Amino acid sequence: MVIWAFAATAAAVVMGLMLALYRRQVRKICRQMEFLKDNRTNLRITSDLPLSEFNELIDGINDIIDRSRKRQEHMLQNETQLKETITNLSHDIRTPLTSLDGYFQLLQQDGTEEERLRHIGIIQSRILSLKEMLEELFTYARLQDIDYQLELERIDVGKCVYNTVFSFYEEFEKKGIEPKADFCDGHFFIQGNEEVLRRTLQNLLKNALVHGHTEISMRLFCEGGKVVFQCSNDTEMGEEIDMEQVFQRFYKADSSRTHTSAGLGLSIAKGLVERMGGEIFAKLDGKVFQVWIEFEIS
């Protein structure tokens, strides 16, 4: 009887000690969580008890804390990007609007018919650039919708490339550049969307015209069961181009933002190509900037 009484007393002492340790640890965790709630820190919940069940609970709490921190960081990043977006858009849209206002005032003043026609032509040009900018923003917004789906069908890449490049003939002439084209013969079919592919090619060519100086070249060829289109242009900003950012929204290598563009062309091209199941990437070879798009041949 004495042994049983001693064992019962020892068990009660151990249980009491364990309960005290549990309560102490719970109070410590509450203090740690209160501190984490009121302070931005990388500290984590810790445990002094060598019990697997308790440590599993601590790991679960720390996992929730880590996920919450990541969400907060993502929200802060999105907030920063939104502020940058608003700043960029206000600048890009204000530029043609300011120009329009100035030329409308000139149009109201007395002047020769030749001057009036020249001002009208400039106004039409500014309206067109503003329309293209807003169309870029609309397309980019649609691409951010994960439910946005393209209607895909069997299309001829070669035919689309030929027609799109030919439609830029006057743009090349105005720029004073004679483009080099190396297109292989034949028909190359893919599962895609002809209107979207044309829009993608237009964005690549516009980017080359804006940033190219004396040389623009294009290639269309087949390799490894894929049809590949490459668009290249020389650039004076080779060292200033951040190749990891070229497909990011509103990225412009020229910090002065002298071109009337929202800086969405390559970002939109990337989104459209990927929606058609293709790949797009950019390279910088010395002072030659290259953009490649490729699709599996159907």
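Quick one: what pairs do we get from segment 8-30, first residue under 17 Å from residue 58 (Cβ atoms) and open to solvent by 100 Å² or more (accessible area, probe 1.4 Å), second in a helix (DSSP H, G or I) and at pLDDT 70 or above, C-beta under 8 Å, 6+ apart or different chains?
Within 8 Å, no pair qualifies.
What about residue 281, is it in contact with a strand residue (DSSP E or B) (Cβ under 6 Å, 6 or more places away or on another chain), at pLDDT 70 or above, surrounded by 15 or more Cβ atoms within 10 Å (Cβ to Cβ) and of a type in the set (Phe, Trp, Tyr)? If you could, list the steps in order and put the result at the bottom.
Working: in contact with a strand residue (DSSP E or B) (Cβ under 6 Å, 6 or more places away or on another chain): yes; at pLDDT 70 or above: yes; surrounded by 15 or more Cβ atoms within 10 Å (Cβ to Cβ): no; of a type in the set (Phe, Trp, Tyr): yes.
In short, no.
With the requirement that a residue be among the acidic types (Asp, Glu) and assigned to a strand (DSSP E or B), what does segment 169-197 give you? It would help to see each step written out before you state the result.
From segment 169-197, those among the acidic types (Asp, Glu) are 170-171, 173, 178, 182, 185, 194-195; that's our starting set.
The one that is among the acidic types (Asp, Glu) and assigned to a strand (DSSP E or B): 182.
Every residue, every condition in (1) of a type outside the set (S, T, N, Q); (2) at pLDDT 90 or above; (3) under 19 Å from residue 278 (Cα atoms); (4) open to solvent by less than 20 Å² (accessible area, probe 1.4 Å), yes or no:
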position	(1), (2), (3), (4)
170	yes, no, no, no
175	yes, no, no, no
205	yes, yes, yes, yes
256	no, no, no, no
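Give 187, 211 a once-over and let me know the one that is open to solvent by less than 80 Å² (accessible area, probe 1.4 Å), modelled with pLDDT under 90 and not hydrophobic (A, V, I, L, M, F, W, C). I'd like the intermediate steps shown before the answer.
Details: 187 fails: open to solvent by less than 80 Å² (accessible area, probe 1.4 Å).
One residue alone meets the criteria, 211.
Could you tell me how many of the residues in segment 154-168 are of a type outside the set (Phe, Trp, Tyr), open to solvent by less than 70 Å² (accessible area, probe 1.4 Å) and not in a helix (DSSP H, G or I)?
Here the count works out to 2.
Counting only residues that are outside any strand (DSSP E or B), charged (D, E, K, R) and farther than 21 Å from residue 206 by Cβ, which one in segment 141-153 is modelled with the highest pLDDT? Let's see the steps before the verdict.
Our first condition is that a residue be outside any strand (DSSP E or B); within segment 141-153, this holds for 141-152.
Okay, now just the ones that are also charged (D, E, K, R), so 142, 145, 147, 151.
Keeping just the survivors that are farther than 21 Å from residue 206 by Cβ gives 145, 147, 151.
Details: 145: 71, 147: 72, 151: 85.
So the residue we want is 151.
Mind telling me which of the residues 128, 106, 150, 117 ends up being open to solvent by 60 Å² or more (accessible area, probe 1.4 Å), under 22 Å from residue 264 (Cα atoms) and of a type outside the set (Val, Ile, Thr)? I'd like the intermediate steps shown before the answer.
Numbers: 106 fails: under 22 Å from residue 264 (Cα atoms); 150 fails: open to solvent by 60 Å² or more (accessible area, probe 1.4 Å); 117 fails: under 22 Å from residue 264 (Cα atoms).
Result of the check over 128, 106, 150, 117: 128.
Determine which member of the set 246, 228 is assigned to a loop (DSSP other than H, G, I, E, B), at pLDDT 75 or above and either of a type outside the set (Phe, Trp, Tyr) or on the phi < 0 side of the Ramachandran plot (or both). Can you show your working first?
Details: 228 fails: assigned to a loop (DSSP other than H, G, I, E, B).
246 is the lone residue from the list that is assigned to a loop (DSSP other than H, G, I, E, B), at pLDDT 75 or above and either of a type outside the set (Phe, Trp, Tyr) or on the phi < 0 side of the Ramachandran plot (or both).
Just to be sure I understand the filter: pairs with C-beta atoms under 9 Å, separated by 6 or more residues or on different chains, first member in segment 120-132 and within 11 Å of residue 101 (Cα to Cα), second member not in a helix (DSSP H, G or I). Which pairs pass?
If the second residue must be not in a helix (DSSP H, G or I), the pairs left are 126/260.
Among the listed residues 56, 79, 34, identify the single one that is open to solvent by less than 100 Å² (accessible area, probe 1.4 Å) and more than 25 Å from residue 267 (Cα to Cα). Lay out the reasoning, then the answer.
On the way: 56 fails: open to solvent by less than 100 Å² (accessible area, probe 1.4 Å); 79 fails: more than 25 Å from residue 267 (Cα to Cα).
Checking each option against the conditions leaves just 34.
Considering segment 285-296 alone, what residues qualify as being touching a Gly at 6+ places or on another chain (Cβ under 6 Å) and at pLDDT below 90?
Correct list: 287 only.
The values are calculated or read from the model by the stated rules, or taken from the named source; none is laboratory data. Note that the structure is a prediction, hence the values are computed from the model and not measured. Cβ sites come from the backbone with ideal geometry, for glycine too, and all protein chains shown count toward neighbours. Side chains included, ligands, DNA and RNA excluded: accessible areas come from the protein's heavy atoms. Shrake-Rupley method; radii C 1.70, N 1.55, O 1.52, S 1.80 Å.
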